[in-house]
Every structure is written in C-alpha cells, then in structure tokens.
Amino acid sequence: MNTKRLKGLAVISLADGRKLGAIDEVYVDPGTRTVASFGGRQTGGLLHAGGGPPWVVDVDAVHALGADALTVPDAGALREAAGGGRTGVIAGEDLTKRKVLTEGGTYVGQVVSLDFDPTTYRLAAIEVSPGFFKSNKHVPDNQITNLGSDVVIVSDTVCAADADDRMAMDEGALVEE
C-alpha cells in the first residue's frame, strides 16, 4: 500500500459500524522499518468536520487495513496523542521531505511516498523523485541503508542502472552517426 492512498482513508469501528475519523498521517519506526501507527482527527457533524482532537491508533490495535477503510475493534483503539504517540517514530510527511543520497554521496532525489505491506506493515520501498521531467524511482527496502534524521541513505547500486542506461544511450548515439 502506498502512503499517498492513505490520506483521508476512513477509520471504522467494527463494534458499532461508526466512522471514527480519517487518517491524515502515517508514523514509521526507522529502526524496524515498519509503520508504527496511524494518526488522524475525529470527524463529526458540520461543526466538527475534521476538527476533533488528534488521535493515534497503533498497528497492534488495527483489525485490518483495506483499500477503502482501516478497521479497528472499537473506539477504544484510538487514543489521544500527537506526534505518533511514541518517541523515535518519524511522521511519514517528514520522511517524504527528505533528500536521498547513495552511500557514495550521489544525490538521487527526494522521497515522495512510502510503500508498505498492508498486512505486516513492513516498509517495502520508497518512491523517489529525481526532479522535473524525470521518472520517479521505486527503491526497494533491501537497498535502503538508513532512514536518517536528515537524509535517507541508499545503496550505490540504485544509481548503477542510470549509469548503464546513459552508457547504452551514448553507445547507441555513436552507432547511429
């Protein structure tokens, strides 16, 4: 599941079929590279539309994460908290603003989203934008070295394919001349 799809996803109580709110943030534990919790705000009537207190639901309290909703056993799964409710977690929004560098110091781009397994909540890949007019890259978790506090470090092999493509294009240009 991609974090871009989670913003606004309904959170539903299985106990009474009530919409408890909507997800507006994902919190990641950089040590385990898993989603630790989801954050949001209560939704309500016209006077409280998205204006309730912030809440967090830990992945341990989630019943299921589907394409159309995140389900929890009951409203007790949500707890008032800000900042992911735990120390050491990174807000997905903060992570998506970080630059990505290879171990060798080559700039790859900026994180734009995260992909994770919706059953294990384990990080599967990060989507990196190298800039305008270039295609985004999906860097698999096994090539991510560190989800650092300032930058994300990835294996040098992430840029190796780009170098091979440039070499092939240069060789193709020589053949055509």
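The values are calculated or read from the model by the stated rules, or taken from the named source; none is laboratory data. None of these values were measured; they are calculated from a predicted model. Neighbour counts run over all protein chains shown; Cβ positions are idealised from the backbone, glycine included.
Being modelled with pLDDT under 90 and loosely packed, with under 15 Cβ neighbours inside 10 Å is a condition met by no residue of the range 59-66.
I need the full set of residues from the range 85-98 which are touching a residue at least 12 places away in the same chain (Cβ under 8 Å) and surrounded by fewer than 15 Cβ atoms within 10 Å (Cβ to Cβ), in order please.
86, 88, 93, 97
Of note, residue 113 satisfies the criterion of being touching an Asp or Glu at 6+ places or on another chain (Cβ under 7 Å) and surrounded by 17 or more Cβ atoms within 10 Å (Cβ to Cβ).
Screening the range 58-122 for strands (runs of 3 or more DSSP E) wholly inside it with 1 or more residues that are touching a strand residue (DSSP E or B) at 6+ places or on another chain (Cβ under 6 Å) and among the charged types (D, E, K, R) returns the ranges 99-102, 107-116. Would the range 124-142 turn up any residue that is touching a His at 6+ places or on another chain (Cβ under 6 Å), free of Cβ contacts under 8 Å to residues at least 40 places away in the same chain and either more than 15 Å from residue 21 (Cα to Cα) or not in a strand (DSSP E or B) (or both)? Yes, the range 124-142 contains a residue that is touching a His at 6+ places or on another chain (Cβ under 6 Å), free of Cβ contacts under 8 Å to residues at least 40 places away in the same chain and either more than 15 Å from residue 21 (Cα to Cα) or not in a strand (DSSP E or B) (or both). Entry remark, the range 10-32: residues being surrounded by 13 or more Cβ atoms within 10 Å (Cβ to Cβ), outside any strand (DSSP E or B) and at pLDDT 95 or above number 1 in total.
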